[in-house]
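The next block holds one structure in the form of C-alpha coordinates; read it before the comments.
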Amino acid sequence: MMSNAAATIDSIRRDPHFLRLKAMVIDATGLAYYADKDAAFAERINRRLPFGRITTVGSYLAALEAEGPGGAEFQGLINELAVGETFFFRYIEQFDALRAVAIPECLRRNQASRLLRIWSAGCSIGPEAYTIEILLKQHFAAQLEGWQVHIVGTDINGAFLEQARRGAYGDWAVRGLSPETLEACFDRQDRLWAVKPKYRQWTSFMPFNLVDGAIPSYPHGIGHFDIILCRNVMIYFDEATRHRLLGDLHKALADGGWLVVGHAEAGPQMNELFIPVSVPGATLYRKQVEPPVATAASRRAAHGPAAHGPEPVAPVPTSGLRRSGKPASMSAADSAAGLPAGPVSGPRSRKSATPQPAPAQPHPVETDERSTALEACLARVEASRLDPAAHYQLGLVEEELGVGDPVAAFKRALYLDPRFVLADYHLALAYWRRGRLVPAQRHFRNAREALESRSDDEAVTEGGGLTVQELRGMLDLWLNGEEG
Ligand SMILES: C[S@@+](CC[C@H](N)C(=O)[O-])C[C@H]1O[C@@H](n2cnc3c(N)ncnc32)[C@H](O)[C@@H]1O
(Lines give C-alpha, C1' and ligand atoms only; values in the text may rest on other atoms or scores of the structure.)
Protein backbone atom coordinates (compact mmCIF):
# COMPACT_ATOMS: atom_id res chain seq x y z
CA MET A 1 0.00 0.00 0.00
CA MET A 2 1.30 3.43 -0.94
CA SER A 3 1.24 6.15 1.71
CA ASN A 4 -0.86 9.21 0.95
CA ALA A 5 2.23 11.30 0.17
CA ALA A 6 3.67 8.63 -2.13
CA ALA A 7 0.34 8.33 -3.94
CA THR A 8 0.17 12.10 -4.44
CA ILE A 9 3.76 12.23 -5.77
CA ASP A 10 2.96 9.36 -8.09
CA SER A 11 -0.10 11.13 -9.45
CA ILE A 12 1.99 14.29 -10.04
CA ARG A 13 4.48 12.21 -12.05
CA ARG A 14 1.72 10.78 -14.16
CA ASP A 15 0.03 14.09 -14.79
CA PRO A 16 0.05 14.92 -18.54
CA HIS A 17 1.56 18.35 -17.79
CA PHE A 18 4.36 17.01 -15.62
CA LEU A 19 7.01 16.62 -18.32
CA ARG A 20 6.31 20.08 -19.73
CA LEU A 21 6.59 21.59 -16.27
CA LYS A 22 9.89 19.82 -15.69
CA ALA A 23 11.26 20.88 -19.09
CA MET A 24 10.25 24.48 -18.45
CA VAL A 25 11.97 24.53 -15.05
CA ILE A 26 15.13 22.86 -16.38
CA ASP A 27 15.23 25.35 -19.21
CA ALA A 28 14.97 28.30 -16.82
CA THR A 29 17.47 27.03 -14.24
CA GLY A 30 19.82 24.72 -16.11
CA LEU A 31 19.14 22.03 -13.51
CA ALA A 32 19.22 19.10 -15.95
CA TYR A 33 20.12 17.03 -12.92
CA TYR A 34 16.35 16.46 -12.62
CA ALA A 35 16.00 15.22 -16.21
CA ASP A 36 16.09 11.59 -15.08
CA LYS A 37 14.84 12.15 -11.54
CA ASP A 38 11.08 12.32 -11.94
CA ALA A 39 10.32 11.13 -8.43
CA ALA A 40 12.58 13.75 -6.85
CA PHE A 41 11.15 16.49 -9.08
CA ALA A 42 7.55 15.43 -8.34
CA GLU A 43 8.33 15.42 -4.63
CA ARG A 44 9.53 19.07 -4.85
CA ILE A 45 6.37 20.04 -6.75
CA ASN A 46 4.32 18.34 -4.07
CA ARG A 47 5.98 20.56 -1.47
CA ARG A 48 4.67 23.63 -3.34
CA LEU A 49 1.11 22.39 -3.89
CA PRO A 50 -1.45 23.56 -3.18
CA PHE A 51 -0.28 26.99 -4.24
CA GLY A 52 -3.13 29.32 -3.32
CA ARG A 53 -6.11 27.75 -4.91
CA ILE A 54 -4.00 25.93 -7.46
CA THR A 55 -3.96 22.20 -6.90
CA THR A 56 -3.25 20.65 -10.30
CA VAL A 57 0.00 20.38 -12.18
CA GLY A 58 -1.52 21.96 -15.27
CA SER A 59 -2.68 25.09 -13.46
CA TYR A 60 0.61 25.28 -11.52
CA LEU A 61 2.50 25.20 -14.82
CA ALA A 62 0.28 27.97 -16.19
CA ALA A 63 0.88 30.08 -13.08
CA LEU A 64 4.66 29.66 -13.31
CA GLU A 65 4.64 30.50 -17.01
CA ALA A 66 2.65 33.59 -16.26
CA GLU A 67 5.04 34.96 -13.62
CA GLY A 68 8.37 33.81 -15.18
CA PRO A 69 11.59 32.78 -13.35
CA GLY A 70 11.75 36.08 -11.45
CA GLY A 71 8.32 35.52 -9.86
CA ALA A 72 7.80 34.68 -6.22
CA GLU A 73 6.44 31.18 -6.71
CA PHE A 74 9.07 30.33 -9.30
CA GLN A 75 11.64 31.41 -6.72
CA GLY A 76 9.99 29.27 -4.06
CA LEU A 77 10.21 26.26 -6.35
CA ILE A 78 13.84 26.99 -7.28
CA ASN A 79 14.66 27.17 -3.58
CA GLU A 80 13.28 23.64 -3.24
CA LEU A 81 15.21 22.35 -6.25
CA ALA A 82 18.69 23.80 -5.79
CA VAL A 83 21.26 21.63 -4.04
CA GLY A 84 23.34 23.87 -1.79
CA GLU A 85 25.95 21.58 -0.28
CA THR A 86 28.98 23.66 0.66
CA PHE A 87 31.41 24.35 3.49
CA PHE A 88 34.29 26.60 4.44
CA PHE A 89 37.65 25.89 2.79
CA ARG A 90 36.06 23.20 0.64
CA TYR A 91 38.82 21.61 -1.50
CA ILE A 92 41.56 23.31 0.44
CA GLU A 93 44.10 22.53 -2.32
CA GLN A 94 42.28 24.91 -4.64
CA PHE A 95 42.54 27.70 -2.09
CA ASP A 96 46.23 26.83 -1.58
CA ALA A 97 46.69 27.12 -5.34
CA LEU A 98 44.96 30.49 -5.42
CA ARG A 99 47.18 31.67 -2.60
CA ALA A 100 50.36 30.37 -4.15
CA VAL A 101 49.88 31.26 -7.79
CA ALA A 102 46.75 33.14 -8.83
CA ILE A 103 46.42 35.82 -6.17
CA PRO A 104 50.08 36.92 -6.31
CA GLU A 105 49.69 37.15 -10.09
CA CYS A 106 46.54 39.27 -9.79
CA LEU A 107 48.27 41.57 -7.32
CA ARG A 108 51.08 42.20 -9.77
CA ARG A 109 48.80 42.55 -12.78
CA ASN A 110 46.53 45.06 -11.05
CA GLN A 111 49.27 47.05 -9.38
CA ALA A 112 48.19 50.18 -11.24
CA SER A 113 44.43 49.93 -10.71
CA ARG A 114 44.65 48.51 -7.16
CA LEU A 115 41.40 46.73 -7.79
CA LEU A 116 40.72 43.05 -7.18
CA ARG A 117 37.46 41.48 -8.30
CA ILE A 118 36.41 37.98 -7.38
CA TRP A 119 33.17 36.13 -8.15
CA SER A 120 31.79 33.12 -6.34
CA ALA A 121 29.26 32.00 -8.96
CA GLY A 122 26.73 29.63 -7.43
CA CYS A 123 27.81 30.55 -3.91
CA SER A 124 24.99 28.77 -2.06
CA ILE A 125 24.95 30.00 1.56
CA GLY A 126 28.26 31.84 1.17
CA PRO A 127 31.21 29.91 2.67
CA GLU A 128 33.20 29.98 -0.58
CA ALA A 129 33.05 33.78 -0.79
CA TYR A 130 33.92 34.27 2.89
CA THR A 131 36.75 31.76 2.60
CA ILE A 132 38.29 33.97 -0.07
CA GLU A 133 38.05 37.05 2.12
CA ILE A 134 39.63 35.16 5.03
CA LEU A 135 42.41 33.93 2.75
CA LEU A 136 43.11 37.40 1.40
CA LYS A 137 43.11 39.03 4.82
CA GLN A 138 45.24 36.35 6.42
CA HIS A 139 47.88 36.17 3.71
CA PHE A 140 47.82 39.35 1.66
CA ALA A 141 46.75 42.05 4.10
CA ALA A 142 49.88 44.14 3.66
CA GLN A 143 49.88 43.96 -0.14
CA LEU A 144 46.20 44.84 -0.28
CA GLU A 145 46.56 47.98 1.83
CA GLY A 146 44.81 50.76 -0.11
CA TRP A 147 43.21 48.37 -2.60
CA GLN A 148 39.54 48.02 -3.46
CA VAL A 149 38.55 44.40 -3.13
CA HIS A 150 35.16 43.16 -4.27
CA ILE A 151 34.06 39.60 -3.63
CA VAL A 152 30.59 38.96 -4.94
CA GLY A 153 28.67 35.78 -4.28
CA THR A 154 25.70 35.06 -6.54
CA ASP A 155 23.12 32.32 -6.57
CA ILE A 156 19.74 31.50 -8.04
CA ASN A 157 18.37 30.52 -4.64
CA GLY A 158 17.09 33.50 -2.64
CA ALA A 159 16.90 31.55 0.63
CA PHE A 160 20.57 30.58 0.35
CA LEU A 161 21.49 34.20 -0.27
CA GLU A 162 19.64 35.33 2.85
CA GLN A 163 21.67 32.95 4.95
CA ALA A 164 24.83 34.03 3.15
CA ARG A 165 24.15 37.63 4.11
CA ARG A 166 23.55 36.65 7.73
CA GLY A 167 26.93 34.89 7.70
CA ALA A 168 26.07 32.56 10.58
CA TYR A 169 26.38 28.81 10.21
CA GLY A 170 25.77 25.51 11.91
CA ASP A 171 28.47 22.94 12.55
CA TRP A 172 28.03 21.32 9.14
CA ALA A 173 29.33 24.32 7.20
CA VAL A 174 32.49 24.55 9.29
CA ARG A 175 33.24 20.86 9.46
CA GLY A 176 36.89 19.97 9.24
CA LEU A 177 38.11 23.37 10.41
CA SER A 178 40.69 23.31 13.18
CA PRO A 179 39.83 24.84 16.56
CA GLU A 180 42.39 27.57 15.79
CA THR A 181 40.67 28.49 12.51
CA LEU A 182 37.26 28.46 14.17
CA GLU A 183 38.58 30.72 16.90
CA ALA A 184 40.28 33.06 14.44
CA CYS A 185 37.47 33.41 11.91
CA PHE A 186 34.17 33.01 13.77
CA ASP A 187 32.29 34.35 16.75
CA ARG A 188 30.05 31.96 18.63
CA GLN A 189 26.43 33.15 18.48
CA ASP A 190 24.19 30.81 20.38
CA ARG A 191 24.83 27.56 18.58
CA LEU A 192 25.98 29.16 15.35
CA TRP A 193 29.35 30.14 13.96
CA ALA A 194 29.19 33.77 12.78
CA VAL A 195 31.90 34.97 10.43
CA LYS A 196 33.82 37.69 12.25
CA PRO A 197 32.92 41.18 11.00
CA LYS A 198 36.50 41.80 9.83
CA TYR A 199 36.07 38.95 7.32
CA ARG A 200 32.80 40.32 5.98
CA GLN A 201 33.90 43.71 4.73
CA TRP A 202 34.62 42.92 1.10
CA THR A 203 31.98 40.30 0.45
CA SER A 204 28.45 40.91 -0.80
CA PHE A 205 25.74 38.71 -2.24
CA MET A 206 23.12 39.07 -4.92
CA PRO A 207 20.77 36.91 -6.96
CA PHE A 208 21.98 35.95 -10.40
CA ASN A 209 20.88 33.16 -12.70
CA LEU A 210 23.86 31.70 -14.52
CA VAL A 211 21.87 30.25 -17.40
CA ASP A 212 19.36 32.97 -18.04
CA GLY A 213 20.56 36.16 -19.66
CA ALA A 214 23.84 37.66 -20.63
CA ILE A 215 27.24 37.16 -19.06
CA PRO A 216 29.11 39.45 -18.68
CA SER A 217 26.35 41.63 -17.33
CA TYR A 218 27.89 44.97 -16.48
CA PRO A 219 24.67 46.48 -15.07
CA HIS A 220 24.83 43.73 -12.41
CA GLY A 221 28.55 44.22 -11.90
CA ILE A 222 29.19 40.82 -13.48
CA GLY A 223 32.32 41.10 -15.61
CA HIS A 224 36.01 41.85 -15.63
CA PHE A 225 36.78 39.48 -12.76
CA ASP A 226 40.28 38.51 -11.76
CA ILE A 227 39.16 35.22 -10.28
CA ILE A 228 35.93 33.28 -10.73
CA LEU A 229 35.04 30.30 -8.60
CA CYS A 230 32.25 28.28 -10.15
CA ARG A 231 32.51 25.04 -8.29
CA ASN A 232 29.98 22.23 -8.03
CA VAL A 233 27.40 24.17 -9.98
CA MET A 234 27.88 22.86 -13.51
CA ILE A 235 27.58 19.24 -12.38
CA TYR A 236 23.84 19.85 -12.22
CA PHE A 237 23.71 21.18 -15.80
CA ASP A 238 23.67 19.31 -19.08
CA GLU A 239 26.62 19.35 -21.44
CA ALA A 240 25.28 22.10 -23.71
CA THR A 241 24.54 24.43 -20.78
CA ARG A 242 27.90 23.71 -19.21
CA HIS A 243 29.63 24.43 -22.49
CA ARG A 244 27.79 27.72 -22.92
CA LEU A 245 28.44 28.76 -19.34
CA LEU A 246 32.16 28.06 -19.63
CA GLY A 247 32.28 30.36 -22.64
CA ASP A 248 30.39 33.01 -20.65
CA LEU A 249 32.70 32.69 -17.66
CA HIS A 250 35.65 33.10 -19.99
CA LYS A 251 34.13 36.36 -21.22
CA ALA A 252 33.48 37.51 -17.66
CA LEU A 253 37.17 37.19 -16.77
CA ALA A 254 39.71 39.95 -17.22
CA ASP A 255 42.58 39.05 -19.52
CA GLY A 256 44.92 36.86 -17.52
CA GLY A 257 42.15 36.07 -14.98
CA TRP A 258 41.68 32.70 -13.31
CA LEU A 259 38.81 30.21 -13.22
CA VAL A 260 38.36 27.55 -10.56
CA VAL A 261 35.86 24.75 -11.14
CA GLY A 262 34.96 21.62 -9.19
CA HIS A 263 37.02 18.52 -9.73
CA ALA A 264 34.31 16.83 -11.81
CA GLU A 265 33.63 19.87 -13.96
CA ALA A 266 36.72 20.30 -16.09
CA GLY A 267 35.75 18.84 -19.46
CA PRO A 268 37.83 18.76 -22.63
CA GLN A 269 36.74 22.21 -23.82
CA MET A 270 38.37 23.73 -20.73
CA ASN A 271 41.73 23.33 -22.40
CA GLU A 272 40.51 25.01 -25.57
CA LEU A 273 39.31 28.09 -23.74
CA PHE A 274 41.78 28.25 -20.88
CA ILE A 275 45.36 27.50 -20.07
CA PRO A 276 45.47 24.80 -17.43
CA VAL A 277 47.98 25.59 -14.71
CA SER A 278 48.72 22.59 -12.53
CA VAL A 279 49.84 22.95 -8.96
CA PRO A 280 49.98 20.13 -6.44
CA GLY A 281 46.49 18.85 -5.83
CA ALA A 282 44.67 21.32 -8.08
CA THR A 283 44.45 22.73 -11.56
CA LEU A 284 43.57 26.37 -12.13
CA TYR A 285 42.38 27.64 -15.51
CA ARG A 286 43.74 30.86 -16.83
CA LYS A 287 42.36 33.15 -19.52
CA GLN A 288 45.07 34.01 -21.96
CA VAL A 289 46.30 37.57 -21.90
CA GLU A 290 46.05 37.95 -25.66
CA PRO A 291 43.98 36.03 -28.19
CA PRO A 292 45.74 32.77 -28.99
CA VAL A 293 47.74 32.94 -32.20
CA ALA A 294 49.31 29.51 -31.89
CA THR A 295 49.76 27.51 -35.03
CA ALA A 296 48.85 23.86 -35.08
CA ALA A 297 52.55 22.98 -34.96
CA SER A 298 53.37 25.14 -31.99
CA ARG A 299 50.26 23.90 -30.17
CA ARG A 300 51.37 20.33 -30.76
CA ALA A 301 54.77 21.15 -29.40
CA ALA A 302 53.35 22.93 -26.37
CA HIS A 303 51.09 20.03 -25.55
CA GLY A 304 53.83 17.50 -25.92
CA PRO A 305 54.53 14.90 -28.55
CA ALA A 306 51.74 13.38 -30.56
CA ALA A 307 50.40 9.95 -29.74
CA HIS A 308 53.28 8.27 -31.55
CA GLY A 309 55.89 10.31 -29.65
CA PRO A 310 58.27 8.72 -27.19
CA GLU A 311 56.49 9.44 -23.90
CA PRO A 312 53.18 11.08 -22.98
CA VAL A 313 53.45 14.46 -21.35
CA ALA A 314 51.00 16.78 -19.63
CA PRO A 315 49.81 20.02 -21.24
CA VAL A 316 52.08 22.98 -20.80
CA PRO A 317 50.91 25.57 -18.33
CA THR A 318 51.65 28.82 -20.06
CA SER A 319 51.12 32.43 -19.29
CA GLY A 320 51.00 35.61 -21.24
CA LEU A 321 53.06 37.43 -18.67
CA ARG A 322 56.16 39.31 -19.52
CA ARG A 323 59.50 37.66 -19.55
CA SER A 324 61.75 38.77 -16.75
CA GLY A 325 65.04 36.99 -16.97
CA LYS A 326 66.63 34.42 -14.77
CA PRO A 327 64.55 32.76 -12.09
CA ALA A 328 65.11 34.89 -9.00
CA SER A 329 64.80 32.08 -6.53
CA MET A 330 67.90 30.15 -7.60
CA SER A 331 71.20 30.82 -6.00
CA ALA A 332 73.75 32.29 -8.40
CA ALA A 333 75.95 29.20 -8.30
CA ASP A 334 73.09 26.82 -8.79
CA SER A 335 71.55 28.78 -11.54
CA ALA A 336 74.92 29.01 -13.26
CA ALA A 337 75.08 25.25 -13.17
CA GLY A 338 71.49 25.03 -14.26
CA LEU A 339 70.58 23.49 -10.93
CA PRO A 340 67.75 24.36 -8.63
CA ALA A 341 68.51 25.22 -5.04
CA GLY A 342 66.98 21.96 -3.85
CA PRO A 343 68.74 18.71 -2.92
CA VAL A 344 71.00 18.41 -5.91
CA SER A 345 74.27 16.60 -5.61
CA GLY A 346 77.50 16.82 -7.50
CA PRO A 347 81.25 17.10 -7.14
CA ARG A 348 81.02 20.83 -6.37
CA SER A 349 78.96 20.12 -3.31
CA ARG A 350 80.23 16.77 -2.29
CA LYS A 351 79.97 17.52 1.44
CA SER A 352 76.23 18.08 1.13
CA ALA A 353 75.88 15.67 -1.70
CA THR A 354 73.83 13.04 0.04
CA PRO A 355 70.32 13.43 -1.34
CA GLN A 356 67.60 14.27 1.13
CA PRO A 357 64.52 12.07 1.34
CA ALA A 358 61.88 13.14 -1.13
CA PRO A 359 59.42 15.48 0.56
CA ALA A 360 55.93 14.00 0.92
CA GLN A 361 54.41 17.19 -0.53
CA PRO A 362 56.31 19.80 -2.49
CA HIS A 363 56.40 22.99 -0.48
CA PRO A 364 54.07 25.77 -1.65
CA VAL A 365 55.25 28.98 -3.20
CA GLU A 366 55.51 31.60 -0.53
CA THR A 367 56.89 34.78 -1.91
CA ASP A 368 56.25 37.15 -4.73
CA GLU A 369 59.76 36.67 -5.94
CA ARG A 370 59.19 32.99 -6.44
CA SER A 371 55.99 33.47 -8.36
CA THR A 372 57.79 35.99 -10.54
CA ALA A 373 60.38 33.34 -11.35
CA LEU A 374 57.63 30.96 -12.35
CA GLU A 375 55.91 33.56 -14.46
CA ALA A 376 59.12 34.41 -16.25
CA CYS A 377 59.56 30.77 -17.18
CA LEU A 378 55.93 30.36 -18.23
CA ALA A 379 56.22 33.43 -20.41
CA ARG A 380 59.40 32.13 -21.99
CA VAL A 381 57.73 28.81 -22.81
CA GLU A 382 54.79 30.66 -24.27
CA ALA A 383 57.03 32.79 -26.43
CA SER A 384 59.29 29.92 -27.52
CA ARG A 385 57.34 26.72 -27.35
CA LEU A 386 59.83 24.81 -29.46
CA ASP A 387 62.81 25.87 -27.38
CA PRO A 388 63.95 22.92 -25.23
CA ALA A 389 65.84 25.24 -22.86
CA ALA A 390 62.63 27.13 -22.05
CA HIS A 391 60.87 23.91 -21.00
CA TYR A 392 63.93 22.81 -19.08
CA GLN A 393 64.12 26.06 -17.11
CA LEU A 394 60.41 25.85 -16.38
CA GLY A 395 60.95 22.33 -15.05
CA LEU A 396 63.72 23.55 -12.75
CA VAL A 397 61.63 26.32 -11.29
CA GLU A 398 58.51 24.19 -10.96
CA GLU A 399 60.53 21.52 -9.19
CA GLU A 400 61.96 24.03 -6.82
CA LEU A 401 58.65 25.70 -6.05
CA GLY A 402 56.68 22.49 -5.82
CA VAL A 403 54.18 23.59 -8.47
CA GLY A 404 53.20 22.49 -11.95
CA ASP A 405 54.51 19.31 -13.51
CA PRO A 406 58.31 19.42 -13.70
CA VAL A 407 58.54 15.83 -14.91
CA ALA A 408 56.46 16.77 -17.93
CA ALA A 409 58.53 19.91 -18.52
CA PHE A 410 61.79 17.94 -18.54
CA LYS A 411 60.22 15.36 -20.85
CA ARG A 412 59.22 18.10 -23.26
CA ALA A 413 62.74 19.45 -23.24
CA LEU A 414 64.04 15.98 -24.05
CA TYR A 415 61.44 15.45 -26.71
CA LEU A 416 62.51 18.65 -28.42
CA ASP A 417 66.20 17.83 -28.01
CA PRO A 418 66.96 14.17 -27.24
CA ARG A 419 70.63 15.09 -26.66
CA PHE A 420 69.77 17.50 -23.84
CA VAL A 421 71.76 15.73 -21.12
CA LEU A 422 70.90 18.05 -18.25
CA ALA A 423 67.20 17.54 -18.97
CA ASP A 424 67.78 13.78 -18.61
CA TYR A 425 69.70 14.40 -15.41
CA HIS A 426 66.99 16.58 -13.87
CA LEU A 427 64.24 14.28 -15.05
CA ALA A 428 66.05 11.51 -13.18
CA LEU A 429 66.31 13.70 -10.06
CA ALA A 430 62.63 14.58 -10.28
CA TYR A 431 61.69 10.90 -10.48
CA TRP A 432 64.03 10.11 -7.63
CA ARG A 433 62.45 12.73 -5.40
CA ARG A 434 59.08 11.17 -6.08
CA GLY A 435 60.35 7.76 -5.08
CA ARG A 436 60.25 6.47 -8.67
CA LEU A 437 63.60 4.80 -8.61
CA VAL A 438 63.35 2.74 -11.78
CA PRO A 439 62.77 5.62 -14.22
CA ALA A 440 65.22 7.69 -12.16
CA GLN A 441 67.93 5.10 -12.68
CA ARG A 442 67.05 4.85 -16.38
CA HIS A 443 67.45 8.56 -16.97
CA PHE A 444 70.66 8.81 -14.95
CA ARG A 445 71.99 6.03 -17.18
CA ASN A 446 70.73 7.70 -20.37
CA ALA A 447 72.50 10.89 -19.39
CA ARG A 448 75.70 9.06 -18.54
CA GLU A 449 75.67 7.20 -21.86
CA ALA A 450 75.00 10.39 -23.80
CA LEU A 451 78.19 11.86 -22.31
CA GLU A 452 80.33 8.84 -23.21
CA SER A 453 81.53 10.08 -26.58
CA ARG A 454 81.91 13.74 -25.62
CA SER A 455 85.17 15.40 -24.71
CA ASP A 456 85.88 16.16 -21.05
CA ASP A 457 86.16 19.92 -21.37
CA GLU A 458 83.08 20.44 -23.48
CA ALA A 459 80.50 22.69 -21.85
CA VAL A 460 77.16 21.08 -21.12
CA THR A 461 74.13 22.77 -22.70
CA GLU A 462 72.40 25.03 -20.17
CA GLY A 463 75.05 24.08 -17.65
CA GLY A 464 76.37 27.60 -17.13
CA GLY A 465 79.96 26.41 -17.52
CA LEU A 466 79.48 22.91 -16.16
CA THR A 467 81.74 20.57 -18.12
CA VAL A 468 81.07 17.11 -19.46
CA GLN A 469 83.64 15.73 -17.06
CA GLU A 470 81.97 17.36 -14.06
CA LEU A 471 78.56 16.12 -15.05
CA ARG A 472 79.98 12.62 -15.55
CA GLY A 473 81.27 12.82 -11.99
CA MET A 474 77.86 13.83 -10.71
CA LEU A 475 76.17 11.03 -12.61
CA ASP A 476 78.68 8.49 -11.38
CA LEU A 477 77.88 9.49 -7.84
CA TRP A 478 74.27 8.64 -8.47
CA LEU A 479 74.96 5.48 -10.40
CA ASN A 480 77.83 3.98 -8.44
CA GLY A 481 78.66 6.10 -5.44
CA GLU A 482 77.16 6.70 -2.07
CA GLU A 483 73.94 8.04 -3.59
CA GLY A 484 73.53 5.15 -6.00
C1 LIG B 1 26.43 22.58 -4.56
S2 LIG B 1 26.24 24.30 -4.46
C3 LIG B 1 27.91 24.84 -4.66
C4 LIG B 1 28.32 25.85 -3.65
C5 LIG B 1 29.77 26.28 -3.72
N6 LIG B 1 30.09 26.79 -5.01
C7 LIG B 1 30.69 25.16 -3.36
O8 LIG B 1 31.29 24.54 -4.23
O9 LIG B 1 30.82 24.86 -2.17
C10 LIG B 1 25.51 24.67 -6.03
C11 LIG B 1 24.85 26.02 -6.04
O12 LIG B 1 24.56 26.39 -7.39
C13 LIG B 1 23.37 27.12 -7.38
N14 LIG B 1 22.78 27.14 -8.74
C15 LIG B 1 22.21 26.12 -9.40
N16 LIG B 1 21.74 26.54 -10.59
C17 LIG B 1 22.05 27.85 -10.69
C18 LIG B 1 21.82 28.82 -11.69
N19 LIG B 1 21.19 28.54 -12.83
N20 LIG B 1 22.31 30.08 -11.47
C21 LIG B 1 22.93 30.37 -10.30
N22 LIG B 1 23.16 29.49 -9.32
C23 LIG B 1 22.71 28.23 -9.51
C24 LIG B 1 22.52 26.40 -6.38
O25 LIG B 1 21.47 27.20 -5.90
C26 LIG B 1 23.55 26.05 -5.30
O27 LIG B 1 23.60 27.01 -4.31
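The values are calculated or read from the model by the stated rules, or taken from the named source; none is laboratory data. Predicted model only: the values in this text are computed from it and were never measured. With ideal geometry, Cβ positions are generated from the backbone for all residues, glycine too; neighbour counts draw on all protein chains shown.
Below, the figures for the structure above:
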{"quantity": "Qualifying positions in region 53-95 - more than 10 Å from the ligand (Cβ to nearest atom), assigned to a helix (DSSP H, G or I) and β-branched (Val, Ile, Thr)", "calculated": "57, 92"}
{"quantity": "Qualifying residues in region 251-307 (those that are charged (D, E, K, R), assigned to a helix (DSSP H, G or I) and modelled with pLDDT of 85 or more) - the one farthest from residue 113 (Cα to Cα)", "calculated": "265"}
{"quantity": "First in region 188-209 and free of Cβ contacts under 8 Å to residues at least 24 places away in the same chain, second anywhere and surrounded by 16 or more Cβ atoms within 10 Å (Cβ to Cβ) and aliphatic (A, V, I, L, M), Cβ under 8 Å, 6 or more apart", "calculated": "188/194; 189/168"}
{"quantity": "Which numbered condition residue 289 fails, given (1) closer than 23 Å to residue 374 by Cα; (2) over 16 Å from the mean Cα position of the chain (by Cα); (3) within 11 Å of the ligand (Cβ to nearest atom)", "calculated": "(3)"}
{"quantity": "Output for region 249-264, where each listed residue is within 12 Å of the ligand (Cβ to nearest atom) and surrounded by fewer than 18 Cβ atoms within 10 Å (Cβ to Cβ)", "calculated": "262, 263, 264"}
{"quantity": "Criterion violated by residue 126 - all others in (1) touching a strand residue (DSSP E or B) at 6+ places or on another chain (Cβ under 6 Å); (2) without any contact (Cβ under 8 Å) to a residue 12 or more places away in the chain satisfied", "calculated": "(2)"}
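Matching residues to (1) part of a loop (DSSP other than H, G, I, E, B); (2) within 16 Å of the ligand (Cβ to nearest atom):
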site: 177; (1), (2): yes, yes
site: 180; (1), (2): no, no
site: 183; (1), (2): no, no
site: 201; (1), (2): yes, no
site: 213; (1), (2): yes, yes
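Each row is one residue, and each column tells you yes or no for (1) charged (D, E, K, R); (2) within 12 Å of the ligand (Cβ to nearest atom); (3) surrounded by 22 or more Cβ atoms within 10 Å (Cβ to Cβ); (4) assigned by TED's automatic domain parsing to the domain that holds residue 375.
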position: 107; (1), (2), (3), (4): no, no, no, no
position: 110; (1), (2), (3), (4): no, no, no, no
position: 127; (1), (2), (3), (4): no, yes, yes, no
position: 141; (1), (2), (3), (4): no, no, no, no
position: 146; (1), (2), (3), (4): no, no, no, no
position: 151; (1), (2), (3), (4): no, no, yes, no
position: 157; (1), (2), (3), (4): no, yes, yes, no
